[in-house]
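Only one structure is covered here, and it is reproduced in the block below.
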Amino acid sequence: MAIERTFSIIKPDATRRNLTGKINAIFEENGLRIVAQKRIWMSRAHAKEFYKVHAARPFYNDLVDFMVSGPVVVQVLEGENAVARNRELMGATNPANAADGTIRKLFAESIEANSVHGSDSPENAAIEIAYFFAGNEIVG
Ligand code: CMP
């Protein structure tokens, strides 16, 4: 199977509760390598642009408010089938529907404060990675 990269965000609800290490351990124990990582505080403009695909959704403004409410950790994860693997590890968007043992089941507070974001396709992963990282910041 091909080695792939995906984009991940550890969201403000998780950084506030100091969960970065626990979430990273789940990635690393399940075949994903963190090949780039930085802790940032997103600007409102940056968050609006990142989530613009959801601009027409009723939760868009609250989502942007939440994503700028504290620091986030943006990451590139690498491994076999990394996009799908990470989505398995994250669990369903709504923690009420997330399977046991997934990051969102373990840590998410709500559908909005759901601890992590992960790309939904290899194409979007490439776009999202380029949005936050220069090529020389990714070291596999
Ligand atoms: P994420 O994977 O970051 O992509 C979009 C985010 O919107 C999603 O995770 C949720 O945190 C957030 N969100 C808030 N409300 C909803 C909702 N009703 N349906 C889907 N996503 C929602």
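What follows is calculated from the coordinates using simple rules that are stated; it is not laboratory data. Everything quoted here is computed from the prediction, not taken from an experiment. Because the Cβ atoms are built from the backbone with ideal geometry, glycine has one as well, and the counts that use them run over all protein chains shown.
Taken along its principal axes, the alpha carbon cloud of the stretch 15-140 reaches lengths of 36, 35, 27 Å, longest axis first. In terms of overall dimensions, the stretch 37-107 has a Cα radius of gyration and Dmax of 13.9, 35 angstrom.
Protection proxy ranking for 124-134, 72-82, using the average of other Cβ atoms within 10 Å per residue and placing the highest first: 72-82, 124-134.
The stretch 76-137 and the stretch 31-56 have Cα centres spaced 11 Å apart.
For the chain, the relative contact order works out to 38 percent when only alpha carbon pairs closer than 8 Å and six or more residues apart are counted. Put simply, the Cα atoms of the stretch 1-82 extend 37, 28, 18 Å along their principal axes, the longest span coming first.
Taken one residue at a time, the phi angles of the stretch 91-103 give Karplus couplings (6.51, -1.76, 1.60, θ = phi - 60°) of x, 4, 3, 8, x, 5, 9, 7, 5, 4, x, 7, 4 Hz. Gly and Pro are set to x.
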